[in-house]
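Each value in this text was obtained by applying a stated rule to the coordinates, not by laboratory testing. All values derive from a computational prediction rather than experimental measurement.
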Amino acid sequence: MPATPPHNDDEIRFNKESRSEESKPILYLANLDYEIDELTLMKFINLNGFNPIRAKILYDRESRRSKGCAFVQMSTMKEALDASNSLNKQDLHGREISVRQANTGVY
């Protein structure tokens, strides 16, 4: 079943919450399967020993299809660095994902 893009209200709430927790590090994940949803992504990260705060899949506005990338907020910089090193180039649903720290101010 294809991932369903979040409603606009969900996006707005996520963006407001993210701004209120600016000190929390954020990872950028790329080369994700287009069918991955936030819950699946959070479970994958958790099963690898990390505790993500939230995940946000990016969607194309017109097609409403996943862009194959996401932002994941972590609780500490150490956990973000460890997760980035551990998860980078891992296989998720048949694709080798890319994980790195997001640029500041992405939200």
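For the range 26-76, what is one quarter of the convex hull surface built on the Cα atoms, given in nm²? It would help to have the intermediate numbers written out before the result.
Details: hull surface 13.6 nm².
Mean projected area for the range 26-76: 3.4 nm², to one decimal.
Report the gain in length on full extension from Ser75 to Ser23: 0.36 nm times residue separation, minus Cα-Cα distance, nm rounded to one decimal.
On the way: separation 52, 0.36 × 52 = 18.72 nm, distance 0.90 nm.
Full extension from Ser75 to Ser23 adds 17.8 nm.
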